[in-house]
Structure formats: structure tokens, C-alpha cells
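A.B. asks: First the structure, then my questions, so here it is.
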Amino acid sequence: MRAIFLDKDGTLVENVPYNVNPALIELTWQAGQGLQLLKQLGYALIVVTNQPGVARGLFTEGALGPVEHRIAERLAQYGVTLDGFYYCPHSPDGVVGRYAIRCTCRKPMPGMLLRAAREHGIELAQSWMIGDILHDVEAGRRAGCRTVLIDNGNETEWKLSSLRAPHFTAPDLHAAASLIAEADAVQHSGAATT
Ligand SMILES: [Mg+2]
Ligand SMILES: [Zn+2]
């Protein structure tokens, strides 16, 4: 199986810092249409999100269930279901003891992608990470995936390196999905002629 790993905040849903109020959760522009296309291409859709608000004592892990539920409701309007939802509750500068650690799942580390790959039988080299900052790109590349940066102004530092260079950039999720469809088509035509 191959997958699209999706950042949540600023990529799948509008960025409201540390928000866990389901009423404030809205899909980003073209997210529903983009995920429809990716599902048609046969990708599993898996959210991978840093939630350091848990470590910082702003909300509990229990608050994330309703968030996931609300996103599922929004996507259901497009006939799209998610195949996985992974979050990292940690932060090295956290204040809640057991979460205040330097972990291997907080992006830009690839732990969530590697775990999802194990649990869902995902072929990482055939998969993609889509996010709105370079930490997402780095997590994707560290996991061996190709990457799309949604260039919507949310990345502000632009600390570039070879691990942080996106394979593609796109203005929204539907544009990202179209680029992935094109890349798939090229790969398939290449396979057919060799
Ligand atoms: Mg983001
Ligand atoms: Zn973590």
C-alpha cells in the first residue's frame, strides 16, 4: 500500500494555533477536492500532526478525539475517509512531565511516518508527505517519501538543506494532488516502456 501523509494544521485544516475546539475546525481551500483525487489514485490518507499543546499543558490527549471526529465529518461531505491519524504529544520545552521529552516522533523527525508504515504496511518510497512547513518536508524525506510543500506563507524561516528541499511546491491540496497524479502518470509510462 502507498500513502499520503498529511500535516494537519495549515495543510488539511485552517491553522488556529493550539485549537482543539471542534467548532473552529475548517478544511483548507480545496482540501476536500484534493483528497478525493488522491483517494481515486489509490492512496491511503494518513494524518501526521505535532500537538505540543499536550506537553505544554494547554490541552490533554483526550481533546484530540473530538478534533479527529470533526475532521472526519468535514471530509465525509466529500466522500473521503482518513485511514490513520497520528499525533506527537511531546515537546522538549513542555511542562507536563512525561510529555516533556525529546522524542523521535515530533516532526522534523520521521517517527510517526515510520510507525504508520509498520502498522498499515505502507511502502514509503511510493508514498508522499504533504505539509505547509519545511519540518514536514524533512520528516517526509527522512522517512524516504517524496514531498510537496503547500506554499501558503506558513513557513517563515526557510532554513533549507538537502533534507528540507521539497520535491514540489503547490498553492493548495488540490494542486498538490494534481502534481502527484502527474508524477504517477510519468512513473507508469516509464514502467510501460522499459
Ligand atoms: Mg502545518
Ligand atoms: Zn513525539
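A.B. asks: Show the residue pairs that are 6+ apart or on different chains and have beta-carbon atoms under 7 Å apart, the first residue being within region 16-39 and in contact (Cβ under 8 Å) with a residue 24 or more places away in the chain, the second being assigned to a helix (DSSP H, G or I) and of a type in the set (Val, Ile, Thr).
C.D. replies: Short answer, once both residue conditions are applied: Val20/Val67; Pro22/Val67; Ile25/Val67; Ile25/Ile71; Leu38/Ile180.
A.B. asks: Looking at region 76-95, is at least one residue in contact with a His (Cβ under 7 Å, 6 or more places away or on another chain), within 16 Å of ligand 1 (Cβ to nearest atom) and closer than 15 Å to Asp7 by Cα?
C.D. replies: No: zero hits.
A.B. asks: Every residue in region 40-83 that is closer than 22 Å to Gly140 by Cα and of a type in the set (D, E, K, R), please.
C.D. replies: Correct list: Glu68, Asp83.
A.B. asks: Still on this structure, I have one more. Among the listed residues Ala116, Ala139, Ala183, identify the single one that is surrounded by 15 or more Cβ atoms within 10 Å (Cβ to Cβ), under 20 Å from Gly42 (Cβ atoms) and within 16 Å of the chain's Cα centre (by Cα).
C.D. replies: Ala116
A.B. asks: Additional query: Can you tell me which condition Lys8 does not meet? The list is (1) more than 16 Å from ligand 2 (Cβ to nearest atom); (2) under 16 Å from Asn152 (Cα atoms), and all the others hold.
C.D. replies: (1)
One line per residue, one yes/no per condition, for (1) under 16 Å from the mean Cα position of the chain (by Cα); (2) assigned to a strand (DSSP E or B); (3) within 23 Å of Asp83 (Cβ to Cβ):
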| residue | (1), (2), (3) |
| --- | --- |
| Phe5 | yes, yes, yes |
| Tyr18 | no, no, no |
| Ala23 | no, no, no |
| Gly32 | yes, no, yes |
| Leu38 | yes, no, yes |
| Gly42 | no, no, yes |
| Val47 | yes, yes, yes |
| Pro52 | yes, no, no |
| Gly57 | no, no, no |
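A short reminder: the numbers here are calculations on the coordinates, not readings from a lab. Computed from a predicted structure; not experimentally measured. Cβ sites come from the backbone with ideal geometry, for glycine too, and all protein chains shown count toward neighbours.
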